[in-house]
Amino acid sequence: QAQFVESGGGLVQPGGSLRLSCTTSESFFTFYHMGWFRQAPGKQRELVASIDSGGVTTNYADSVKGRFTISRDNTKSWVYLQMNNLKPEDTAVYYCNTRWGNADWGQGTQVFVSS
């Protein structure tokens with residue numbers, strides 16, 4: 001199964017921005033619809049953004065719509081999540097995976113939003 005490595009998390013104040021990155025050595029990356037997921041303490045993992053294999057169609061959870069932007073670079077096997085106007089409720093570990101979450105999960109990257 002595909003392996004993904006996430007990076008870019010950190011501590012940010014409310015209203016701030018972060019850009020998360022995800023890469024893989026999986027040669028079939030360009031065929032995958034990709035998603036960014038997050039899991040907050042005590043909560044189930046949820047899909048927050050997805051993008052089709054061609055990078056044309058994107059979808060977002062209502063809680064992040066208008067604030068987060070997912071994109072991908074198929075030439076370099078990267079997926080990105082630009083997060084703006086961050087809120088404390090965005091605090092979570094963020095993961096990338098296929099849109100259906102059926103690949104092995106990476107370590108994720110921690111995002112902590114607090115003043």
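The values are calculated or read from the model by the stated rules, or taken from the named source; none is laboratory data. All figures in this text were calculated on a predicted structure; none of them were measured in a lab. Virtual Cβ from ideal backbone geometry, glycine too; neighbours counted across all protein chains shown. When the accessible area is computed, the model is the full protein with side chains, heavy atoms only, and any ligands, DNA or RNA have been set aside. Shrake-Rupley method; radii C 1.70, N 1.55, O 1.52, S 1.80 Å.
Within the accessible surface of the chain, defined with a 1.4 Å probe on protein heavy atoms only, the carbon and sulfur portion equals 48 percent.
Among E26, E89, E46, the order of accessible area from largest down is E89, E46, E26, computed with a 1.4 Å probe on protein heavy atoms. Couplings for region 44-61, taken from phi via the Karplus curve 6.51 cos²θ - 1.76 cosθ + 1.60 with θ = phi - 60°, read 6, 5, 10, 7, 10, 7, 9, 8, 6, 4, x, x, 9, 9, 10, 9, 9, 5 Hz in order; Gly and Pro are left as x. With both labels modelled 7 Å from their Cα along Cα-to-Cβ, the R67 to S7 distance reads 2.6 nm. When DSSP beta bridges are restricted to pairs lying wholly in the chain, around 90% turn out antiparallel.
Full extension of the chain between W100 and S114 gives 2.0 nm of extra length, using 0.36 nm per residue less the Cα-Cα distance. In order along region 75-83, the phi-based Karplus estimate (6.51 cos²θ - 1.76 cosθ + 1.60, θ = phi - 60°) of 3J(HN,Hα) comes to 6, 10, 6, 10, 10, 10, 9, 8, 10 Hz; Gly and Pro are listed as x. Residue-wise HN-Hα couplings along region 90-101, as the Karplus relation 6.51 cos²θ - 1.76 cosθ + 1.60 with θ = phi - 60° gives them from phi, are 7, 4, 4, 8, 9, 10, 10, 6, 4, 4, 9, x Hz; Gly and Pro carry x. Taken about its Cα centre, region 1-64 carries a charge dipole of roughly 180 debye when the Cβ of each Lys and Arg holds +1 and the Cβ of each Asp and Glu holds -1. Each 10 Å bin from zero up to the one holding the largest Cα-Cα distance in region 1-97 carries the following percent of pairs: 16, 52, 28, 4.
Computed from label points 7 Å out along Cα-Cβ, the spacing between R19 and T75 is 1.6 nm.
At most 10 other Cβ atoms within 10 Å plus a DSSP loop assignment makes a site exposed; report the longest stretch of the chain without any exposed trypsin sites (Lys or Arg not before Pro). Excluding the exposed sites themselves, the longest stretch runs over 1-42.
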